[in-house]
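Reading through the structure tokens given below for one structure.
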Amino acid sequence: MKLPVVSSAEVERVLKKAGFRYAPKRGKGNHKAYYKEEHGKKRLVIVPQRKDIPRGTLLSILQQAGLSREEFLQLLKES
């Protein structure tokens, strides 16, 4: 299943729907950080602020977030 080209704002909406919260002190420069605690562990996801996020970067973000492509696409449709 091919991933669409999405903006950082769309990725942030999906992360928020997946239960992530903004971590203002963790992002640097033109990057924003989001975190989520689950099973006693914290997941930290860094999102570059861009109009179009490259597919490789998006795959890395999904891996950091622990989301599958299918989960991401479903949440993207809902947002």
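The values are calculated or read from the model by the stated rules, or taken from the named source; none is laboratory data. Keep in mind that what you see is a predicted model, and the values were worked out from it rather than measured. Cβ: placed from backbone, ideal geometry, glycine included. Neighbour counts: every protein chain shown.
General observations
- Inspection of region 33-56 finds no residue satisfying the criterion of being surrounded by fewer than 17 Cβ atoms within 10 Å (Cβ to Cβ), more than 9 Å from the chain's Cα centre (by Cα), within 17 Å of Q74 (Cβ to Cβ) and at pLDDT 95 or above.
- Of all residues in region 44-56, those that are farther than 9 Å from V5 by Cβ have Cβ atoms under 7 Å from Cβ atoms of residues that are loosely packed, with under 13 Cβ neighbours inside 10 Å and not hydrophobic (A, V, I, L, M, F, W, C), 6 or more apart or on another chain, in P48/N30; Q49/N30.
- Residues satisfying the stated conditions in region 53-66, i.e. part of a loop (DSSP other than H, G, I, E, B) and either within 22 Å of P24 (Cα to Cα) or among the polar types (S, T, N, Q) (or both): G66
- Candidate set: region 19-43, residues that are of a type outside the set (K, R) and not in a loop (DSSP other than H, G, I, E, B); chosen: the one nearest to S7 (Cα to Cα): H31
- Index of the failed condition, E70 passing every other in (1) surrounded by 11 or more Cβ atoms within 10 Å (Cβ to Cβ); (2) in a helix (DSSP H, G or I); (3) touching a residue at least 12 places away in the same chain (Cβ under 8 Å): (1)
- When we screen K41, K36, K77, K25 for residues that are in contact with a strand residue (DSSP E or B) (Cβ under 6 Å, 6 or more places away or on another chain) and of a type in the set (K, R), the only hit is K36.
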